[in-house]
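Have a look at the structure below before the remarks.
The values are calculated or read from the model by the stated rules, or taken from the named source; none is laboratory data. Every value quoted in this text rests on a predicted model; they were computed, and no experiment measured them. Neighbour counts are summed over all protein chains in view; Cβ atoms, including those assigned to glycine, are modelled from backbone coordinates with ideal geometry. We work out accessible area using only protein heavy atoms, side chains counted, and drop any ligands, DNA or RNA first. Shrake-Rupley method; radii C 1.70, N 1.55, O 1.52, S 1.80 Å.
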Amino acid sequence: MNPYNKNDASLITIEGHLEHITYFNQDTQYTIARLKTSNPAAKVIVVGYLAGVSPGETLKVKGTWQSHPKYGQQFKIYSYEVTLPAAAEGIRAYLASGIIKGIGSSLAARLVAAFGAQTLKIIESTPERLIDVEGIGEAKSAMIQSTWKEHHTLRRLMKFLQQMGVRSSYCAKIYKEYGPDALDLIRDDPYVLAEDFAGPGFNIADTIARKLGVEQEDPHRVRACIRHIIMQNADEGHTFAESENLFSRCENLFQISRPAIQKAIDEMSAAKVIVVEPLGNGEPTSAIYMKDLHLAEVGLASRLKALLSLPAESAAIDADRISRQIHEKLAINLSAEQLQVLEEIFSHRIVIITGGPGTGKTTLLRSISTIFENQGKRVLLTAPTGRAARRMAEVTQRKAGTIHRLLGYNFTEGGFLRNRDNPLDADAIIIDETSMVDTFLMYHLLVAVPVSAALVLVGDISQLPSVGPGNVLSDIIDSGRIPVFYLNKIFRQDTESTIIVNAHKVRQGETPVCTSLEDKDFDGFSDFYFIDQSNPDQVAARIVRLCREELPSKFNLDPIHDIQVLTPMHRGSVGTINLNQMLQKALNPEPVLMEAQGNSFKIGDKVMHLINNYQKEVYNGDIGIICSIDRQKKELSVDYYGRTVPYAAEELDQLTTAYAISVHKSQGSEYPAVILPLVTQHYILLQRNLLYTAMTRGQKLVVLIGTQKALQIALKNDKPHRRLSSLAVRLGSAS
């Protein structure tokens, strides 16, 4: 079985001399090279993953012919072998080519004179004999050994992975993680891959283990399967796995018996790798946590209780005084509802403010900050993403930063610089977009909050929950331990914003009021439109026209900066992958200058950063524009809101094109115009909170395109997958 699931019988084998490497990606080992064949005599362009090869070597490659629209006929490699010379003269020529650092033509001749046809075997198996050759001392021998090992280890690793049925593109990542000992380490315990490579690591490990003859109920395999299922649950937003569900999945997916599963759980629990707790709901099933998530959930509940245990300062402020202060400082006239909230919140240590769009959360943020500052308190404003923090700074006209930046990341030792022993320097901390904060991040933040500080959590519980595990804001509200202030009155009237009115309709499960277009042109009078189209391919084509022509001309919008396409899924006709390819082609005429991880990059592209990179101070979900590409250095730079950030070739997997992004990635942001496809192809993800979140990202214009059936499915689906978490129970308990 080869790594691409091709039938070996359908593959062609060619053999030739590797003449020249045209392109080589150090990070992935993807290579474009010229192979000179002798039978028949020809020069062939080969493309694929080649590890540990150099010009001058002889390769036997298996693959298929393909036609590239620009470069013509090419041979796509699926697997390969390096054919080392067997005769003395061939070995001399091979070593004299410079393939092995430290060996030139003169030394190659002396080595072959000493060892003959056994020369390569000596270098490989008994390199201590090299010092018998004139001109080779201990240092030279060590260098030859090291170079030979590095050159051939990567090659052997790739061959091994191909034989195991693993995609060649993973080879370089595995080698980068483990170095020259990678092959021995994986042979010894394939399941190290499951721990070190999130996502595909377990499947790669299990594939290798089973092919190496690891028994179905080998303890290493059973423990890896249990860990994999718990981590899958965390990826789905749960802080733990229910034991009965875990047993069932291990039995059905991996054919492991219950006694073997129970034994492994007991061993992992005793070793403190996992934590097993009764659920406390009268059911026999238990909650099974990874140790770090259990620590975060327990620690978060404990910290909140500690903060609540201290009495609030006596800082009651009457409505007249508040109204005067806010009017003097901000020139704002507060509503009765806002005044009532402000009167009450300063008598509590921790408060939650929640409400939909247009209900005055922004005004309250500014007012609370002003009152705290008038009391002489040091106030910190923070949000979970860079975009949300920037927006918070804009609306409050105060400095605001991400939670990660506020806590400070320690590059040397990992973890955060701000913690229990080095708390934040603040008397009051205000967190915006709290619904986006997961269990891990909230735990680390609260550990660093001084016990004397006031804490204000602001968020919209109708939005999608955090990407990471937990449902923190909703759980804290459900515990009943912390005062919650619900904002219900809409201050922006429907004459100003149909978007706001429709958002509140959707919260209640009501059909939004839309200007239906069908085949008509935009009238320019509404800010909320619905285009009825059932064919997903035609939906995608219309989205391109909307971005390129219709919305820019009718509403004076910039196609790249002002319009954001949001979609529930990554795959399919109206998923992010296809839409990004179509929109990039339609909106950016520049040539492709760099490719990485399935993305093609051009100057002027809208791109999104995919992980938190504390060193660059760029975070998951930040969107920027590519401002330069250096093909020779294999580098590009991205402009993030006026700040230029460089990316080396090995960092390009942190970027993706962002003409279309997932609804989850849009949280904490607002855009002048939003386009949202709603098709039944997305059935599994059609949920009310997803529709609500996407709609409320639009500031001036929202366009829904799809079917009324898909819209109604989303409105009726107010029971998204329940997140498993015990935070509310822990907070509600007396201990």
Any idea which of Ser534, Ser526 is assigned to a loop (DSSP other than H, G, I, E, B), among the hydroxyl-bearing types (Ser, Thr, Tyr) and either in contact with a strand residue (DSSP E or B) (Cβ under 7 Å, 6 or more places away or on another chain) or surrounded by 20 or more Cβ atoms within 10 Å (Cβ to Cβ) (or both)? Ser526
Checking Leu334 against (1) under 30 Å from the mean Cα position of the chain (by Cα); (2) buried (at least 18 other Cβ atoms within 10 Å of the Cβ); (3) outside any helix (DSSP H, G or I), the condition it does not meet: (1)
I'm trying to understand the selection: among the residues of the stretch 79-99, which are of a type in the set (Val, Ile, Thr), out of contact with any strand residue (DSSP E or B) (no Cβ under 7 Å at 6 or more places or on another chain) and not in a helix (DSSP H, G or I)? Ile99
Could you tell me which residue of the stretch 205-233 is nearest to the chain's Cα centre (by Cα), considering only residues that are basic (Lys, Arg) and open to solvent by 20 Å² or more (accessible area, probe 1.4 Å)? Arg227
Select from the stretch 624-659 the residues that are open to solvent by less than 60 Å² (accessible area, probe 1.4 Å), closer than 17 Å to Met608 by Cβ and of a type outside the set (A, V, I, L, M, F, W, C) and list them in ascending order. Gly624, Ser637, Asp639, Tyr640, Tyr647, Glu651, Gln654, Thr656, Thr657, Tyr659
Here the residues within the stretch 296-314 that are closer than 17 Å to Gln375 by Cβ and surrounded by 14 or more Cβ atoms within 10 Å (Cβ to Cβ) are Ala312, Glu313
Residue check, Val341 against (1) of a type in the set (A, V, I, L, M, F, W, C); (2) over 20 Å from Ala426 (Cα atoms); (3) part of a helix (DSSP H, G or I); (4) open to solvent by 20 Å² or more (accessible area, probe 1.4 Å), all met but one. Which one? (4)
Could you tell me whether Leu487 is open to solvent by less than 10 Å² (accessible area, probe 1.4 Å) and at pLDDT below 90? yes
Could you say whether any residue in the stretch 526-549 is more than 30 Å from Leu407 (Cα to Cα), in contact with a helix residue (DSSP H, G or I) (Cβ under 6 Å, 6 or more places away or on another chain) and of a type in the set (Asp, Glu)? yes
Qualifying positions in the stretch 136-182 - under 28 Å from the mean Cα position of the chain (by Cα) and hydrophobic (A, V, I, L, M, F, W, C): Leu154, Leu157, Met158, Leu161, Met164, Val166, Cys171, Ala172, Ile174, Ala182
Scanning the stretch 659-708 for residues that are in a loop (DSSP other than H, G, I, E, B) and closer than 25 Å to Thr382 by Cβ, which turns out nearest to the chain's Cα centre (by Cα)? Gln667
Pairs, first over 24 Å from Lys263 (Cβ atoms) in the stretch 231-243, second of a type in the set (Val, Ile, Thr) and part of a helix (DSSP H, G or I), C-beta under 7 Å, six or more apart: Thr239/Thr439
Within the stretch 385-397, is there a residue that is open to solvent by 20 Å² or more (accessible area, probe 1.4 Å) and in a loop (DSSP other than H, G, I, E, B)? yes
